Amino acid sequence: MSDLATLTATFGRLLRTSDVPVTTERSARFAAVVTLARPVTVSELYWLARVTLVDGPEQLEAFDAAFRYVFGGMVDPAEFRRDFAAPPTVVPVPTPTRPGTDRRHSSGVVLGEATLPGSAIPPQLAPEGGVPESLFGAASTEERLRSKDFAACTPEELARLRELVAQMKLVAPLRPARRTVPRPTGRRLDLRRTLRAAHRTGGDAVHRTYRRRAERPRKVVLIADVSGSMEAYSRTYLHLLSGAVRGARAEAFVFATRLTRLTNELSTGHPDVALARAGLAAPDWSGGTRIGDALKSFLDEYGRRGMARGAVVVIVSDGWERADPGPLGEQMARLSRLAHRIVWVNPRKAAEGFEPLTGGMAAALPHIDAFVSGHSVDALHEVLARIGGADQRSRIGRLD
């Protein structure tokens, strides 16, 4: 909280030096809004700052300059306003400002460096003594944390990351429904509505109405590995499963040596209670790994009854199969014939020089539509994008 107070106070001071009348009360209001809304993108932070700190359009130019200066070229506020005639933002050179100091953002952008055309640092924004180093640390701490591997995080960092993961929204892809609905651009003529409208035009069908098939979200099934080799990631992924069950009505399963359904446990209102109940429901937590047996149990008990048919199935596992990988390949083939898309999340994929050479991973790979890492919060956005991605199937094993 002290970092947030320093950030908002310094940002307000910079705005006042550039003739934007920001009072202490407004800075406090900005800090309160950030605490309440918890922005996850710089775009969201920009709009929170603008609606709480700016009075009129004549202040926008100075506000944008201060915002770009503080947040170091990560955004171009003119794009938020759809002001495409504005001069483009100059991308700063990704080098430290002085020896021994590296204030680079995780994407390679230097925080607090030149972002205005033709000017290294806006003179009106440089107060005496410069900007405290703590300001840049406060602005970039969460960015670094979002790209950090879950396995390398401390318990305190994991607690903060789990809050971010719990807020992530899983959006299921849409599929055509059986019923039709009126649409101006439909392909099928709605005879009933067209004839009813013709009564008002002397029997001539002047105005034609059409129908097209409605859309409804596909089912999403998440199956997470909670064996010993996945212990560093399983707790974090349970927060994602919990949010998916409550927000997208997804089905959640975990497995180690056997399969356990956790949909009911994770559907409770409080995440901590849900996770406690989930731990009790999965007695083989942090045990061995039998992926093939777990998938067979899922297909025999749930998949054939319709849960996997036409669904997006997400499997979170490192692929370290204790048993013979042959049955795993057979079960993946069965699943691929039922599911609409299979997304495999393997946190080990982010390691340098990774190759899917383990027996279980090699057996499953030909039947996977998307293979992603999901080892950090930033990587989880790719997982969510693949879950709600295009309908076209593209087996990983057929890409070579």
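The values are calculated or read from the model by the stated rules, or taken from the named source; none is laboratory data. Owing to the predicted nature of the structure, the values given are computational and were not obtained by experimental measurement. Cβ sites come from the backbone with ideal geometry, for glycine too, and all protein chains shown count toward neighbours. These area figures cover heavy atoms from the full protein model, side chains too; ligands, DNA and RNA do not enter into them. Shrake-Rupley method; radii C 1.70, N 1.55, O 1.52, S 1.80 Å.
Name the residues in the stretch 31-49 that are under 12 Å from residue 67 (Cβ atoms) and open to solvent by less than 50 Å² (accessible area, probe 1.4 Å), would you?
42, 43, 45, 46, 48, 49
Take the residues in the stretch 288-309 that are charged (D, E, K, R) and surrounded by 16 or more Cβ atoms within 10 Å (Cβ to Cβ), then tell me which one is modelled with the lowest pLDDT.
Going through the qualifying residues, I end up with 290.
Which condition does residue 161 not pass, out of (1) touching an Asp or Glu at 6+ places or on another chain (Cβ under 9 Å); (2) modelled with pLDDT under 85, if it passes all the others?
(1)
Among the residues of the stretch 106-113, are any at pLDDT 50 or above and either closer than 30 Å to residue 377 by Cα or touching a Leu at 6+ places or on another chain (Cβ under 8 Å) (or both)?
Within the stretch 106-113 (the criterion being at pLDDT 50 or above and either closer than 30 Å to residue 377 by Cα or touching a Leu at 6+ places or on another chain (Cβ under 8 Å) (or both)), the answer is no, since none of the residues qualifies.
Could you figure out which of (1) buried (at least 16 other Cβ atoms within 10 Å of the Cβ); (2) at pLDDT 80 or above isn't true of residue 193?
Unmet for residue 193, out of (1) buried (at least 16 other Cβ atoms within 10 Å of the Cβ); (2) at pLDDT 80 or above: (1).
Taking the criterion of being crowded, with 19+ Cβ neighbours inside 10 Å, out of contact with any helix residue (DSSP H, G or I) (no Cβ under 7 Å at 6 or more places or on another chain) and under 14 Å from residue 221 (Cα atoms), would at least one residue in the stretch 310-332 satisfy it?
For the stretch 310-332, residues crowded, with 19+ Cβ neighbours inside 10 Å, out of contact with any helix residue (DSSP H, G or I) (no Cβ under 7 Å at 6 or more places or on another chain) and under 14 Å from residue 221 (Cα atoms): present.
With 232, 205, 256, 252 as the choices, which residue is at pLDDT below 85 and either among the polar types (S, T, N, Q) or buried (at least 24 other Cβ atoms within 10 Å of the Cβ) (or both)?
Residue meeting the stated conditions: 256.
Take residues that are closer than 18 Å to residue 259 by Cβ and touching a residue at least 60 places away in the same chain (Cβ under 8 Å) and tell me which of the strands (runs of 3 or more DSSP E) falling wholly in the stretch 304-381 contain 2 or more.
Ranges flagged: 312-316.
Please enumerate the residues belonging to the stretch 1-43 that are in a helix (DSSP H, G or I), closer than 30 Å to residue 381 by Cβ and modelled with pLDDT under 80.
2, 3, 4, 5, 6, 7, 8, 10, 42, 43
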